[in-house]
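Taking it in order: structure first as structure tokens, then the write-up.
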Amino acid sequence: MATEEQVRESLEKVMVPVVMRDLNGLNLVRQIAISSDEVKITLSSTALNDEAKKWVTDKAKGAVSKLSGAKKVTIEFSEAKPAELNKIGNIIAVMSGKGGVGKSLVAGLAAIALQRQGYEVGILDADLTGPSIPKMFGIAGRPSGSETGILPVLSRSGIEVMSINLLLPQEDDAVIWRGPLISNTIKQFWEGVLWGKLDYLLIDLPPGTADAPLTVMQSFPISGVIIVFTPQDLTAMIVRKAVNMAQKMDKTVLGVVENMSYLKLPDTGKKMEVFGPSRGEEMARSSNAPLLGQLPLDPELARLCDRGEIENYDSEIMNAFGQALKQALAKRKPTP
């Protein structure tokens, strides 16, 4: 007679169409009942249209029927809201006090670094009026789903992504919405998207401390916040506003990241501080948080982002950033 563990292992081979994650990864397996010659499996129908349910049913039956003693395999579906199925270990908000500092870039690199360490990772692009995550990852496909939920789109390396740009008729269409509509859409990306089981969900926030960041801070179980800045004096002042917001919302500042910290000259290897002396250590002290990384101006990274191939980027600095983030999460104080 087959065991529940064997059945679950068989279901790991069944990939949900479009998102291409298995049934266990999306946390759709709700119950398994085993008798002498029958295996009865209850799956959640969340975000699955009729075609997807038929596909999943056929594949699940085929996979489980190969087990010893599974002469009859029955698949049933139950209803559940996406938020009831999502199991996310850490939710990290990436924010900045102003635009143009590379916040989306840092969110993308953080997701890639963590994914390379073997974690299941997703990115929620909450910057609705300036979404750039799909472009950097080269994602053009539209999310699938049903009336019960939406399935995120998987990147080439296996990172789940949800962005408003994936839902627009044209990627360059402007999102001309007022604050309440933006806030409600961000909530829908949390409550209405089936993320499944993730170790990390990175949220790319819009710049500033207004409606959208406030919505995320209040509505999401944030594990911690990463603050992004550049070396300029004006940016440093605005960074403190973002830090103050996180602290007033009782959210842990996991660390700060200085982007565009320097340019490494190819001929000499010398570091040129294009935007002035580094403020990394200063910002870390004022934030009472570690300096997670000092990212350079890298022409190769810029080219990869323009081509939608950011996942091909590899550098010691990025790998060190991923390790520093992992350590910061391990040391964080529990969220109140």
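Residues that are at pLDDT 95 or above, under 25 Å from Ser45 (Cβ atoms) and in a strand (DSSP E or B): does the stretch 178-195 have at least one? Yes; the residues of the stretch 178-195 include at least one that is at pLDDT 95 or above, under 25 Å from Ser45 (Cβ atoms) and in a strand (DSSP E or B).
For Val56, the criteria (1) part of a strand (DSSP E or B); (2) without any contact (Cβ under 8 Å) to a residue 60 or more places away in the chain; (3) surrounded by 20 or more Cβ atoms within 10 Å (Cβ to Cβ) hold in every case but one, which is (1). Flag: Ile222 does not match the condition of being of a type in the set (Val, Ile, Thr), in a helix (DSSP H, G or I) and under 22 Å from the mean Cα position of the chain (by Cα).
Counting only helices (runs of 4 or more DSSP H) that fall entirely inside the stretch 235-336 and contain at least 1 residues that are assigned by TED's automatic domain parsing to the domain that holds Glu120, at pLDDT below 90 and under 22 Å from the mean Cα position of the chain (by Cα), the qualifying elements are 316-331. Cβ separations smaller than 8 Å between residues 6+ apart or across chains give the following pairs from the stretch 183-206 residues that are acidic (Asp, Glu) to residues that are surrounded by 24 or more Cβ atoms within 10 Å (Cβ to Cβ) and in a strand (DSSP E or B): Asp199/Val121; Asp204/Val94; Asp204/Ile123; Asp204/Leu124; Asp204/Asp125.
The values are calculated or read from the model by the stated rules, or taken from the named source; none is laboratory data. These figures come from a predicted structure and were not determined experimentally. For neighbour counting, all protein chains shown are included, and Cβ atoms are generated from backbone atoms with ideal geometry for every residue, glycine included.
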